[in-house]
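A short write-up of the structure that comes next.
The values are calculated or read from the model by the stated rules, or taken from the named source; none is laboratory data. A quick note: this is a predicted structure, and the numbers were derived from the prediction, not measured. Cβ placement follows ideal geometry from the backbone for every residue including glycine, while neighbour counts extend to all protein chains displayed. With ligands, DNA and RNA removed, areas are computed over all heavy atoms of the protein, side chains included. Shrake-Rupley method; radii C 1.70, N 1.55, O 1.52, S 1.80 Å.
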Amino acid sequence: MDRYEPLKIEAKWQKIWEETQPFTAHETTGQPKKMLAEMFPYPSGAGLHVGHVRNFTIVDVLTRFYAQQQQNVLRPFGYDTFGLPAENYAIKTGISPKDATKTNIDNFRKQAKRLGYYIDWSREINTSDPEYYRWTQWCFSELYKKGLAYQKESYQWWCPEDQTVLANEQVENGHCWRCGHDVEKKKMKQWFFKITAYADELLSEIDALDWPDKIKTMQKNWIGKSTGAEIDFDNIKVFTTRPDTIKGATFVVVAPEYPQLESLLTDDTRETALAYKAASLKKSEIERQENKEKTGVFTGSYVTNPATNAKIPVYVADYVLAGYGTGAIMAVPAMDERDRAFAEAHDLPIVETELVAWDAYGTPKTTYKMRDWLISRQRYWGCPIPIAYDSKGHPHLIPEDQLPVIIPEVADYKPDHTGRSALAKATDWLKVDLFNEETGQVETMTRETDTLDGYACSSWYLWRYASPHDTKHAWDPEAIKYWEPVDIYVGADHAVAHLLYVRFWCKFFADQGYLPFREPIKKLIYHGYINAPDGKKMSKSKGNVIDPLDVINDGYGADTLRTYEMFIGPVELDAAWDPRSVGGVYRFLNRCYNLVFNTAGVTAVEGVPHESRVGEENSQQDLRYVRNKVIKKVTEDIYKANFNTAVANLME
Ligand code: ANZ
């Protein structure tokens, strides 16, 4: 009897796939196209983990499913390689991030091949390859030319441990998302992408997407549209969603970061108010919005309520946030809970309001919670921002024919103590002769030492897959028209970062005429994490990580691992690893193998069994009935991304 020996079978087919590359995609007419992709991985030194396997296997099942339905499928693969882990490793070991990344990619590729994925390997991309980041720099240049990449002095989250600026979405409960250190606020000049220019469209087009409701809701809340009015209380402009309550406004509150705060202070209040401000800057927005005691101090100034003509006091309090609305509010303690708590704590009048028409006092205004996207990082291992500064400190774009701005090698990867990246240490690289349009002369300028947030690199990689080796364009116009938008995208995490950024860039590049669609991803499948058997997160430090290669090499093979990860639970939920179930899935595949290749009397190498040989107890008709029923059920399951019930139906 022929035994099920997955390691032999898999090795045989993987060798054939390596030689014949059957998964290479071509643009053809006649068949419908289908492009599928996973959220590409960060190739860490630890190699693939079982979470990647869940992600990649979902894409793989769907790719093979549609290929069998004779659709022209494209399933590319790539690596998101810039970022702090490689830089921190370089700081510690002196090994160049470029070399470490190459080693890690080689390992990831080998592992992915061992898992037997249907991947068009001719389209592999790597965001830290100059061939790739030349075009990330081109994308930046396009945004810059249209005024959507700009610099601004502002308070930024700063991680003292990693010595870097963090975006709002990278601060988790007052801690750095990477190292967990407490973050603080620091005033700095930074680069931003003006995602708010597309706030309205990003919001209005969410509903039409075939995305999980959970993600759509998270994006809506993140964009956070509010309609109301702006009203002047003398020279302080406030934003309110309830302008009709204006008669009840008995004081005004400004945020501690309010730019004109100093001008509101008097000799009596200055010291206390500035000390209050300093203390507030240490708190996270979440802490400031918590329902605790409402702290704040009097500025010493009064303004006029335009509806009542009463002189009302101006306070500074940190429950008012700087980046939202105008950073100043009219407080209506009779109507608003936070204002009431503040009024009670500070003995301020609470006046019941009548509702009034407000048109005479203010102008209608829509605001968004979403801020512009902070994109500069004081890091070495990122895509250099293609900018240089003249002697006056004015920024100039590096001309397109001088791209890419290549990352120079340096001896020491540590940022300097001012927080500038290690690029500042590459003194030759730092200087560049550029034509200055303002003076009409060539001048030696100083390059920008900030690099781009890694999310910039992943904002356009899905389009690079259409023509990954194009040297003339970021993406070929014909290829992109054929393959994209992406039909199915699979991943976990990044609901309000990456998944908003790709939509923003898509709309921008569509407006420039570079993309023939305005939404980059038709269908999104969002999957849960795989946890350790005790339900805890897998992590190296806890020693509870399951290595997918160990599972394969234990003799189970890739098919068992893949089937198990599809069977582990509903796709959208987290699931705990269960070693016994891995064995169960193996026994199931073993039985399938025996049914097909032994009971039916053929071997894995010969081909498909003939139904009449299967045994006399089942009539052919019964067998056909059962088979068709299962095919129908499993097909429906896969359309609905119910992978666990698909496996269960097969087992039945
Ligand atoms: C007076 C008022 C009366 C308000 C009332 C609400 C209820 P959303 O819905 O979140 O947009 N606000 C405005 N700017 C703020 C800031 N920078 N920090 C903290 N709070 C701010 O909330 C808008 C309301 O939140 C605004 O309307 C303002 O308070 C406050 F019965 O004005 B309202």
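Just one of the listed residues (Y319, Y302) is in contact (Cβ under 8 Å) with a residue 24 or more places away in the chain and aromatic (F, W, Y), and it is Y319.
Quick grid of which residues meet (1) in contact with a Phe, Trp or Tyr (Cβ under 6 Å, 6 or more places away or on another chain); (2) closer than 27 Å to S44 by Cβ; (3) in contact (Cβ under 8 Å) with a residue 60 or more places away in the chain:
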| residue | (1), (2), (3) |
| --- | --- |
| A149 | yes, no, yes |
| C159 | no, yes, no |
| A167 | no, yes, yes |
| E172 | no, yes, no |
| C176 | no, yes, no |
| D182 | no, yes, no |
| K187 | yes, no, no |
| I195 | yes, no, yes |
| L202 | no, no, yes |
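Checking the stated criteria, G543 turns out to be on the phi > 0 side of the Ramachandran plot and exposed (fewer than 15 other Cβ atoms within 10 Å of the Cβ). Looking for something out of contact with any Pro (no Cβ under 8 Å at 6 or more places or on another chain) and of a type in the set (S, T, N, Q) - is there at least one such residue anywhere in segment 36-54? For segment 36-54, residues out of contact with any Pro (no Cβ under 8 Å at 6 or more places or on another chain) and of a type in the set (S, T, N, Q): absent. Take V490 and decide whether it is modelled with pLDDT under 95, β-branched (V, I, T) and under 17 Å from S458 (Cβ atoms). When the stated conditions are applied, V490 does not pass them. Selection of segment 335-351 for residues being open to solvent by 80 Å² or more (accessible area, probe 1.4 Å), near the ligand (Cβ under 9 Å from one of its atoms) and assigned to a loop (DSSP other than H, G, I, E, B) yields only M335. Per the listing Y489, Y482, Y564, the residue uniquely open to solvent by 30 Å² or more (accessible area, probe 1.4 Å) and of a type in the set (S, T, Y) is Y482. Within segment 56-103, being surrounded by 22 or more Cβ atoms within 10 Å (Cβ to Cβ) and among the polar types (S, T, N, Q) holds for T57, T63, T81, T101.
Exactly one residue among D162, D213, D120, D182 is over 23 Å from C383 (Cα atoms) and surrounded by 18 or more Cβ atoms within 10 Å (Cβ to Cβ), and that residue is D120.
For residues in segment 352-383 being within 13 Å of the ligand (Cβ to nearest atom) and aliphatic (A, V, I, L, M), which is surrounded by the fewest Cβ atoms within 10 Å (Cβ to Cβ)? That would be L355. Could you say which residue among E287, E257, E271 is touching a residue at least 40 places away in the same chain (Cβ under 8 Å), surrounded by fewer than 15 Cβ atoms within 10 Å (Cβ to Cβ) and of a type in the set (D, E, K, R)? Sole residue among the options that is touching a residue at least 40 places away in the same chain (Cβ under 8 Å), surrounded by fewer than 15 Cβ atoms within 10 Å (Cβ to Cβ) and of a type in the set (D, E, K, R): E287.
For the residues T245, T266, the requirement of being over 17 Å from G327 (Cα atoms) and away from the ligand (no atom under 16 Å from the Cβ) singles out T266. What about A90, is it under 24 Å from the mean Cα position of the chain (by Cα) and not aromatic (F, W, Y)? The answer is no for A90. The residues of segment 455-484 that are outside any loop (DSSP other than H, G, I, E, B) and either aromatic (F, W, Y) or touching a Cys at 6+ places or on another chain (Cβ under 8 Å) (or both), listed by number, are Y455, A456, C457, Y461, W463, Y482, W483. Among the residues making up segment 315-325, none is within 7 Å of the ligand (Cβ to nearest atom), over 14 Å from E287 (Cβ atoms) and in contact with a Lys or Arg (Cβ under 6 Å, 6 or more places away or on another chain).
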